[in-house]
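Computed from the coordinates by the stated procedures, all read-outs in this text should not be read as laboratory data. Source: prediction; values computed, not measured. Ideal geometry is used to build each Cβ from the backbone, glycine not excepted, and the neighbour counts take in all protein chains shown.
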Amino acid sequence: GENVEQHPSTLSVQEGDSAVIKCTYSDSASNYFPWYKQELGKRPQLIIDIRSNVGEKKDQRIAVTLNKTAKHFSLHITETQPEDSAVYFCAASISNTGNQFYFGTGTSLTVIP
Amino acid sequence: GAVVSQHPSRVICKSGTSVKIECRSLDFQATTMFWYRQFPKQSLMLMATSNEGSKATYEQGVEKDKFLINHASLTLSTLTVTSAHPEDSSFYICSARDWRDSYNEQFFGPGTRLTVL
């Protein structure tokens, strides 16, 4: 099955700086890559996603890049704010074959005011 | 937007008892729902895929006789943890896909915190 690795496991940045989280996946058939933000004890919230037919997607301060050849994708958060502090998970999925999500191990992001 | 609910939000039970968790899609129909388990400070681990009207598909290492899944309607899936033991204590989260949605997005429930004494 699909194996998703995520780095780093913890990340601390100063407010206003950028944060980058990286994920790799093993199954070349994966073609959908969402990113979720999860606060303690709450449900994961989708923040951005990307499909394999594009290499980059941006939504205000958040961007995701995808390198299909290398099988890795990254989340970029610019101008970080304290409310960005949370655990972030990447996931990989294959469309039209069950659409199961396989999650990375998570990154605990702390934005220091 | 799509809303998924779970009930109960918290449950404490004695070892050896069974616990049922409900997952409902409130404003859309879900032919497929997914069940995840999340231990403290760990990732979401997919347990099983629940398809309406058919048997669930379990991930490797998940005991289907211990974690019974029933997806009897397009808006409801249930997970029953049978003969629960302390090691089953965890945060259980469901998600659902809108059958009309050609994309992959899953909508997550708020989770159920299970504590087995």
With springs connecting C-alpha atoms under 10 Å apart, model chain B as a Gaussian network and identify which of B:LYS14, B:LYS41, B:LYS55 has the largest mean-square fluctuation. B:LYS41
With a 4.7 Å Cβ cut-off, tell me which Cys residues in chain B come up empty for a partner. B:CYS13
Among B:GLN60, A:SER18, B:SER73, which residue has its Cα positioned farthest towards the positive end of the charge dipole of the protein assembly as shown, with +1 placed on the Cβ of Lys and Arg, -1 on the Cβ of Asp and Glu, and the dipole taken about the Cα centre? B:SER73
Simple SL model, points at 7 angstrom along Cα→Cβ for A:SER108 and B:LYS55; separation in nm is 4.1
Among the listed pairs B:LYS14/B:LYS41; A:LYS22/A:LYS58; A:LYS22/A:LYS71; A:LYS37/A:LYS58, give every one whose C-alpha distance is greater than 19 Å. B:LYS14/B:LYS41
List the GluC sites (Glu not before Pro) in region A:24-92 that DSSP assigns to loop (not H, G, I, E or B) and whose Cβ has at most 12 other Cβ atoms within 10 Å. Which are they? A:GLU39, A:GLU79
What are the residues whose amide H is under 5 Å from the amide H of B:ILE21, where those residues sit 5 or more places off or on another chain and H is modelled from the backbone? B:LEU79, B:THR80, B:VAL81
If the label point is 7 Å along Cα→Cβ of B:SER73, which residues in region B:3-36 have backbone nitrogen under 15 Å from it? B:5-7, B:22-31
Quick check: residue separation of B:CYS13 and B:HIS85 times 0.36 nm, minus the Cα distance between them. What number comes out in nm? 25.0 nm
Using 0.36 nm per residue, how much length does the chain from A:LEU40 to A:LYS71 gain when fully extended, once their Cα-Cα distance is taken away? 8.2 nm
Sort B:CYS13, A:CYS90 by Cβ crowding within 10 Å, fewest neighbours at the top. B:CYS13, A:CYS90
